[in-house]
Structure formats: C-alpha cells, structure tokens
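The values are calculated or read from the model by the stated rules, or taken from the named source; none is laboratory data. Model, not experiment: these values are computed from the prediction. In this analysis, Cβ positions are derived from the backbone assuming ideal geometry, glycine residues included, and neighbour counts consider all displayed protein chains. Quick note on the areas: whole protein, heavy atoms, side chains included, nothing else; ligands and nucleic acids left out. Shrake-Rupley method; radii C 1.70, N 1.55, O 1.52, S 1.80 Å.
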Amino acid sequence: GIKKKYHPSDVALPLKFLKKLNFQKDKIYKSKYDYCLCEENSSKKFKIHRDLCLLLSTSGTTGSRKFVKLSYKNLLSNIKGIVGSLNINKKDKTITTMPAEYSYGLSVINSHLFVGAKIILNNLTLFDRKFLESVTKLKVTNLNGVPLFFDLIKKINFFNKINCSNIKFITQAGGSLSEDTKLYILNEINKLKKDFYIMYGSTETSPRMSLVNFYKYQKIKQGCIGLPISDYKFRLNKNTGKIFFYGKNIFKGYSKNYKSLLYFKNYKFIDTGDIGRLDKDGFYYVTGRTKRIIKISGERISLDEVEQSIKKNLKLKICCFGIDDKLIMFHTKNHKNSYKILNFTSKNLSINKNYIKIYHIYKFPISERGKIDYEELQRISKIDKKFHKS
C-alpha cells in the first residue's frame, strides 16, 4: 500500500490500529489522546522538493490511488482567497462536519486557523442531539457541508432545532444540490436572512476556484458556480465550451510514489474537465463534463475505473454512467449478480447503497462506431420498461 510506495520514517495512527497494522508498542515514541507516532522500519532516505507542503488523495476509489502535490504558495493563495471572499475573521467560529483529509474539509480548517478563528472539533452526525446542542450552545457562526449534509438538514428540519441568531454564513461545495434541497435552503435562508455560498473547486486547485452567494442572487439556476475568488480567472473555449482555470493555487502535479516527491510541474492553467457557459450577469455555469467523472458525497469517482475494477475483481462486464450523487450500472449476466455488484461497489467506493442503481439488461447497446452507446443507456434507465430493474 502507501507505506511500500512512500517508505515514511514515521507513521501517525490511532492507538487502536497498532495491532491491526502490525506496529509494536516499542516503536511508539510519542502519544497524545488516542493517537501515536511510530517509527517505521522500512523507511528510506530520499529528497523532497523544498516547497512541497501537502499530499491530498484523489481518484483513489478503485485502487489506483494517487496524490495531488500542493505547495506552500498554493495553499496560502487559496486560504487568503477564501478568507477574503467570505470575510472570515477571528471572531468567527466553525464546527467540523467533514474529515480533515477531504480537501474541502481541510480548507475550512485552514481558513479559520489563518485568521485565529475558533474551530470546534466534532465527530457527531446531524442526527445526534449533542451536535445540535453544540451548534447553539457554542455559538457557531459558520456552517459548511457537502450536498449530503444539506439533504440531511432538510430531512431533520435543522434550522428549527437550533438557535440561528449566531449564524453568519453557510457554505456548500462538493457537487450540486438537488432541486428539492435547493428550494428548501432558499426558503430557510430567506427567513433567516443569512448568506449561503455555493462554492466550486477541486483538489487540484487547493481546493476552491469560485463562489456565488445564493442568498444575494436567488435567480441562479442549477450548475451556477459564480465568479472566481481572489485574482483567479476562468476561460471558456468558444468552440468546445471547456472551462479552463488560471490561478496561483494550481497544484504541482500528481504523486504515485516517493520518487515523485522531488519534482514539481508548473501549470499556467488547468482543464477543469467541465463544460460551461457565461450568462449575461457574468456568472459561470457548469453544463456538463468532458470526462466520465461524477461526485458522490463530494468524492470524485471515475466511471471508467469503476467498470475496470468490477471486471478485474468480479469477472463481470458492466457499463455505468451517472450524475452527481447517483451511480447507474448495467450488466447482462444473471439477476443474482446485481446484489454482488451492489455490495462490492458500495464497499469498494465506501458509499451508501442508496446512491447506486443497478439494471439487468439483455445486451449492451452499441453505437454505429461499434462502441458502448452510453446515451442510449441513459435513455433506457429512465423510460424503457423492457429492462429489469434490480
């Protein structure tokens, strides 16, 4: 795994994982709370680029794990941009709702630390009464979450269960809100008169690129990503509609092993992988993707990698497509394989089964060019009654 590829000299881990990961207690040289630092036997001496600050995992859902290399300048540029755009100051207080290893969750922590604001460390869910009590009692000012977080907010009628007087703003990133959730949020923020920022970004951009204040601009439609933050810029290719991004927060290349840590790539711009348009108010919209990638609970998933993983591990050919928070899969074998595919995919991608729809079909539709016709699969999944839904 990662240890074999990077040969670290030290490993930080929870104490309860010592035995599971074959670490001996005599290798612990520092511990605090429920965590410890252990000396690693298989460490190697190698050089690391002096400006390398952080590695963040991306596209690692099907075993082809790689890391985004971020420099100190990348992070500082983005932190300052976020702080300025959201007007975060030392009087603010946020509560963690995402893991720190997730780029959006880490950017929330970094932007608040930068100005000396307070951060409440939390591992409770929205359904836990103690979480709701903490938001009110500790006077949280800034709430942040991915689309699933706001789906749950809608489900439990969150704003009626807390004292909202201290809330200053709310941010959302990691994919698009469903139309129902969006309407609910709009209704609530109008009653509360609170700023609600929809943010757009990627791990490769440290991670925020743009935002739009949903409370201020309520007529924005699905897919609006607003305007670039800080001095960043978007460029639209007039012929293809591709969105290109320019900024000092662009990553320094991917890393797959310790040898990659010495080298930086300097990009003047990156292809976001999205297709979009610019409206009359100057706002950018995402209208499609050039790559077969979707987001589920804010995590990117490569559809091609999902197909390859199932072929490799289950010896089954499947075809899949998807939209944010919905993975749709087709197979031609026995119906019983639907459950095998569902269980494997849910476990392998670490996503809830509710995000996955599986269809059994008699044969895959083929285009005139002899390739899988994904557009036809998308049409079939909605209206064709001849196909059996698992």
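Within straight-line reach of Lys371, meaning a Cα separation under 18 Å, sit the following aspartates and glutamates at least 8 residues removed in sequence or on another chain: Asp304, Glu305, Glu307. Charges were assigned to the Cβ only: +1 to each Lys and Arg, -1 to each Asp and Glu. The resulting dipole of the chain about its Cα centre is roughly 760 debye. By accessible area, using a 1.4 Å probe on protein heavy atoms only, the chain has 51% of its surface on carbon and sulfur. Annotation: Arg277 carries an accessible surface of approximately 100 Å², with a 1.4 Å probe and no ligand, DNA or RNA atoms counted. Highest mean packing first, where packing is the average number of other Cβ atoms within 10 Å per residue, the peptides 258-264, 216-222 line up as 258-264, 216-222.
Could you pull out the chymotrypsin sites (Phe, Trp or Tyr not before Pro) across region 114-151 that fall in loop regions by DSSP (anything but H, G, I, E, B) with no more than 11 other Cβ atoms inside 10 Å? Each step should come with its number before you reach the end.
Values: sites: Phe114, Phe127, Phe131, Phe149, Phe150; in loops: Phe127.
Filter output for region 114-151: Phe127.
Farthest towards the positive end of the charge dipole of the chain, among the residues Tyr33, Ser297, Asn142, is the Cα of Tyr33, using unit charges on the Cβ of Lys, Arg, Asp and Glu.
Divide the volume of the convex hull around the Cα atoms of the chain by the residue count and you get 180 Å³ per residue.
The mean accessible area for residues of the chain, using a 1.4 Å probe and ignoring ligands and nucleic acids, is 57 Å² per residue. Which pairs in the list Lys139/Lys233; Lys45/Lys66; Lys73/Lys256 are over 24 Å apart, alpha-carbon to alpha-carbon? Checking Cα-Cα distances, Lys139/Lys233 exceed 24 Å.
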